[in-house]
Amino acid sequence: MSRIDTEQLKRRHPIADVVRRHGVELRGQGRRLTGRCPFHEDRTPSFCVYPETESFHCFGCGASGDVIDFVRRAEDLGFREAVLRLGGGAGGAGVGRAPGPTPGPRAPEKADRAPVLSLDDRLILTAACELYHETLLETPEALRYLDERGVQPWLRERCRLGASDGGRLVPYLKRRRLSLKRAEELGLLFPSGEETMAGRIVIPELRGAHRGWMVGRAPDGGPGPKYRGLSLPKPLLGYERGRRRLFLTEGPFDWLTLTGWGLSACALLGTQPGRGALRLLERARSVVLVMDADEAGRDAAQRLSAELGGRARVLELPPGVKDVSELGARPDGREIFFGLLDAVRRGADAASR
């Protein structure tokens, strides 16, 4: 399915309508609707739908994405099956669609535009990031975890990595006279006032002197979802420092691995780029796709390669290696990766002759 078809599909199926058709009662109005999450036992409403950006996020289990991601999770489908379920292909029945006329055109969507953050938003996110960075330097367990993942001290500093102990953010924001209500809306706090990043390694998105987004990674075997991001739309992580020749990964630790190897890398933070991310990638002279070695990663690489055309090349990881972060933890991982990269480049040179 082409990018245009996918975006038209999202416009035809407003996410709030699809969520309600799956039995989730949503309350509220305007920028955020809330309800009980259908993906975990949710005693207090922690599931949020954002009509303005056509996205959802659960502060309890960390599930997030667009309407296609929601259908994939709700009905345990692959990407193609979810698109067909929404009615995006021949014979697609649609999700809970009642008989009636096809919805008319909607106003151009804003889902893929970078969120416009106020000065207060930027101050809150930057303050949180710097607090978490200081906490990381005082937390031996977190530093040891990064060492085991091959993240060197210079890279922690350059990327302003952090850690949350779950108890410092609220008093810190109060001392800075920054809004706790807005911090909750941004996704830094649960409605209960607890930190969403508690017990996690924090990877921020850097925008000059400010921070525009962040994601928390739970230690291996820790409770809750592996990754938990803010309620803002996901960025193309690392693009601000990218160059005309890019390496594209799925996850933030994959991005850290390639950045540590001196490569100009970005992370999709998933497998489905929005129009905004694709527009950014289309500006690159070349893109090497280094996706996970699973079905979703292979599907994503195939779609992106078709979207980007001749500027894209796919680098396949060795058998038994799930992602580039796992490869980077091996003593010979860097050597293996650059050997694979040389083969990809030789193939590209041969194809251009």
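The values are calculated or read from the model by the stated rules, or taken from the named source; none is laboratory data. In this text the structure is predicted, and so the values were computed from the model without any measurement. Quick reminder, even Gly has a Cβ in these numbers, built from the backbone with ideal geometry, and neighbours come from all protein chains shown. Areas reflect the complete protein model, heavy atoms only, side chains present, ligands, DNA and RNA absent. Shrake-Rupley method; radii C 1.70, N 1.55, O 1.52, S 1.80 Å.
Tabulated data for the structure shown
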read-out: Two-site label geometry, Arg32 and Ala296: point separation in nm, points 7 Å out along Cα→Cβ; value: 2.5
read-out: Mean separation of Cα contacts under 8 Å, 6 or more apart, over the residue count of the chain: relative contact order %; value: 11
read-out: Inter-label distance for Glu148 and Ser192, nm, one decimal - labels placed 7 Å from Cα along Cα-to-Cβ; value: 2.6
read-out: Size of charge dipole - the chain - debye, nearest 20, with Cβ of Lys, Arg +1 and Asp, Glu -1, no other charges; value: 1220
read-out: Accessible-area value, Tyr145, 1.4 Å probe, nucleic acids and ligands omitted, Å²; value: 20
read-out: Local electrostatic count at Arg285 - Lys and Arg +1, Asp and Glu -1, tallied over other residues with Cβ under 11 Å; value: +4
read-out: Residue among Ser231, Leu258, Phe39 farthest towards the positive dipole end of the chain, charges placed on Cβ; value: Ser231
read-out: Trypsin sites (Lys or Arg not before Pro) restricted to the stretch 237-344 and DSSP loop, no more than 16 other C-beta within 10 Å; value: Arg243, Arg244, Arg283, Arg285, Lys322
read-out: Accessible surface, 1.4 Å probe, highest first, among residues Glu326, Glu250, Glu141; value: Glu141, Glu326, Glu250
read-out: Helix-derived mean residue ellipticity, 222 nm - over the chain, DSSP H n ≥ 4, -39500 (n - 2.57), to 500; value: -11500 deg cm²/dmol
read-out: Stretch gain in nm, segment Arg158-Val170, where the contour uses 0.36 nm per residue and the Cα spacing is subtracted; value: 1.8 nm
read-out: At least 24 Å along the helix axis (C-alpha) and Kyte average at least 0.0, DSSP helices within the chain; value: 119-137, 333-352
read-out: Long-range amide H partners of Gly187 with built H, under 5 Å; value: Ser231
read-out: Nearest-20 debye value, the stretch 229-285 charge dipole, Cβ charges on Lys, Arg, Asp, Glu; value: 340
read-out: Neighbourhood charge, 10 Å Cβ-Cβ cut-off, centred on Gly216 and excluding it, Lys, Arg +1 and Asp, Glu -1; value: +3
read-out: Where a label projected 7 Å from the Cα of Ala343 along Cα→Cβ would reach, residues of the stretch 297-318 with amide N under 12 Å; value: 315-318
read-out: Per-selection Rg to Rh, the chain - Cα, Kirkwood hydrodynamic radius; value: 0.96
